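Notes follow once the structure below has been shown.
The values are calculated or read from the model by the stated rules, or taken from the named source; none is laboratory data. Model, not experiment: these values are computed from the prediction. Please note: Cβ atoms are built from the backbone with ideal geometry, for glycine as well, and neighbour counts cover all protein chains shown. We work out accessible area using only protein heavy atoms, side chains counted, and drop any ligands, DNA or RNA first. Shrake-Rupley method; radii C 1.70, N 1.55, O 1.52, S 1.80 Å.
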Amino acid sequence: MAILLGFDIGGTKLGIGLGDSDGKLLGTSRRDNRNTDPAEVLPWMVAESKRLVAEAGLTMDKIDAFGISAPFPADAARGIMTKPTNNPLWRNVPILEYLKKELGIPGCFENDANCGALAEWFFGAGKGCKDFIYLTLSSGIGGGIIAAGNLVRGGRALSAGELGHICLQLDGRNCSCGMKGCYEAYCGGVALAQRMREEIAEHPDSLLNKLCGGNKSKLDMHLLEEAYRAGDAYAAELWEEMSLRNAQAFGLFINSFNPEKLVLGTLAWAIGDIYIDPILKHLDKFCWKEPKEACRIVCSGLKREIGSYAGIAAAMNYLKEMGKLEI
């Protein structure tokens with residue numbers, strides 16, 4: 001059994017988890033990470049890690065490795081946060097080398113969606129699978145791919161798994177990544193909120209106008225769900241297109257990878273059957289019967305706790321790939 005530290009660097013929160021390779025959490029800590037300065041945050045990460053280790057009755061020499069779950073774009077090969085879109089102050093920050101030096105233990109740097117996939121693989125809904133895909137399905141859409149019992153990272157850019165940015169519609173809606181017609185542009189929470197703000201004036205009778213109190217900036221997935229459940233026509237139109245585009249993407253993934261499971265993140269488990277059932281209704285249009293029947297579509301097993309396990313799972317996979325941990 002290994003003892004591991006994990007760091008989950010999000011746009012609003014930064015989390016630290018201390019746990020073992022059996023999935024037992026020994027300590028956690030979180031702090032706000034909005035518009036933070038790395039010169040202040042990095043020393044906190046070190047001090048807080050050492051505090052968690054000490055409170056667990058351990059010393060740093062008993063920690064086998066650490067893992068960093070970080071947003072892309074980044075220089076993954078060198079562990080440098082280059083330009084995360086959710087924090088303009090973090091530019092070209094060599095976080096991996098800094099933590100290696102200050103903590104005195106080996107570590108790794110992984111894409112946050114890959115870390116989510118690893119967490120579900122080791123501790124959640126993907127446990128026991130050799131081939132499965134995890135989709136974040138939140139404000140944006142990310143993905144992580146496990147194939148033949150290994151994390152798929154791709155070639156030089158190490159950018160495999162950017163499943164939110166497959167093109168579903170040539171010259172379609174603008175995506176935050178700079179392309180057009182991306183999956184995320186049709187099904188990501190932020191993109192759907194932006195679309196409602198653009199279109200709501202064309203639907204003066206929509207319940208969404210009442211729910212947001214005339215303030216378009218308040219339109220988000222929560223209000224879309226509420227309006228859809230209430231039978232609002234415009235909300236139903238958006239929901240149907242979102243479901244169709246989700247099915248289109250799921251079909252591409254199922255035909256391409258033939259996964260045992262497709263594990264769905266936040267929106268799926270937070271909303272429930274009214275999110276998943278309309279997708280399944282359309283799925284036959286986009287993939288073959290055989291791989292579809294071989295694939296179970298399920299919600300995240302870790303749900304809100306996935307951030308606590310993300311960096312720990314990255315550290316576990318690092319030791320696994322080094323031949324130092326059998327999983």
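The table below lists the values:
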| item | result |
| --- | --- |
| Qualifying residue in the stretch 228-235 (condition: open to solvent by less than 60 Å² (accessible area, probe 1.4 Å), assigned to a helix (DSSP H, G or I) and within 20 Å of ALA125 (Cα to Cα)) | no |
| Matching residues, the stretch 304-326, being acidic (Asp, Glu) and part of a loop (DSSP other than H, G, I, E, B) | GLU326 |
| Index of the failed condition, LEU223 passing every other in (1) open to solvent by 10 Å² or more (accessible area, probe 1.4 Å); (2) under 30 Å from LEU99 (Cα atoms); (3) at pLDDT 95 or above; (4) not in a loop (DSSP other than H, G, I, E, B) | (2) |
| Where a residue in the stretch 142-153 is outside any loop (DSSP other than H, G, I, E, B) and its partner, wherever it lies, is of a type in the set (Lys, Arg), with Cβ under 6 Å and at least six apart | none |
| Condition check for LEU168: over 23 Å from PHE66 (Cα atoms) and at pLDDT 95 or above | yes |
| Residue within the stretch 79-99 that is open to solvent by 80 Å² or more (accessible area, probe 1.4 Å) and touching a Gly at 6+ places or on another chain (Cβ under 7 Å) present | yes |
| Qualifying residue in the stretch 275-282 (condition: surrounded by fewer than 18 Cβ atoms within 10 Å (Cβ to Cβ), free of Cβ contacts under 8 Å to residues at least 12 places away in the same chain and either within 30 Å of GLY15 (Cα to Cα) or over 22 Å from the mean Cα position of the chain (by Cα) (or both)) | no |
| Meets criteria (more than 16 Å from LEU158 (Cβ to Cβ), open to solvent by 20 Å² or more (accessible area, probe 1.4 Å) and within 18 Å of the chain's Cα centre (by Cα)) for PHE123 | yes |
| Matching entry among PRO84, PRO106 (being more than 20 Å from ALA147 (Cα to Cα) and within 15 Å of the chain's Cα centre (by Cα)) | PRO84 |
| Condition check for GLY301: out of contact with any Leu (no Cβ under 8 Å at 6 or more places or on another chain), outside any helix (DSSP H, G or I), touching a residue at least 40 places away in the same chain (Cβ under 8 Å) and not aliphatic (A, V, I, L, M) | yes |
| Filter result for the condition that a residue is surrounded by fewer than 18 Cβ atoms within 10 Å (Cβ to Cβ), in a helix (DSSP H, G or I) and at pLDDT 95 or above, over LEU238, LEU244, LEU252 | LEU252 |
| Restricting the stretch 100-120 to residues that are more than 13 Å from GLY67 (Cα to Cα) and either at pLDDT below 95 or of a type in the set (Lys, Arg) (or both), the residue that is least open to solvent (accessible area, probe 1.4 Å) | ALA113 |
| Test for ILE133: is it open to solvent by less than 60 Å² (accessible area, probe 1.4 Å), under 23 Å from ALA47 (Cβ atoms) and either in contact with an Asp or Glu (Cβ under 8 Å, 6 or more places away or on another chain) or assigned to a strand (DSSP E or B) (or both) | no |
| Checking ASP20 against (1) open to solvent by less than 70 Å² (accessible area, probe 1.4 Å); (2) at pLDDT below 95, the condition it does not meet | (2) |
| Output for the stretch 1-17, where each listed residue is of a type in the set (A, V, I, L, M, F, W, C), modelled with pLDDT under 95 and surrounded by 14 or more Cβ atoms within 10 Å (Cβ to Cβ) | ILE9, LEU14 |
| Top-ranked residue of the stretch 154-198 - restricted to ones that are among the aliphatic types (A, V, I, L, M) and outside any loop (DSSP other than H, G, I, E, B), ranked as most open to solvent (accessible area, probe 1.4 Å) | VAL190 |
| Answer residue from the stretch 186-228, given it is among the basic types (Lys, Arg) and out of contact with any Lys or Arg (no Cβ under 6 Å at 6 or more places or on another chain) and is farthest from SER243 (Cα to Cα) among those | LYS210 |
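So that you can scan it fast, the table gives a plain yes or no per residue for (1) in contact with a strand residue (DSSP E or B) (Cβ under 9 Å, 6 or more places away or on another chain); (2) surrounded by 13 or more Cβ atoms within 10 Å (Cβ to Cβ):
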residue: GLU40; (1), (2): no, no
residue: VAL46; (1), (2): no, yes
residue: VAL53; (1), (2): yes, yes
residue: ALA56; (1), (2): yes, yes
residue: THR59; (1), (2): no, no
residue: ASP64; (1), (2): yes, yes
residue: PRO71; (1), (2): yes, yes
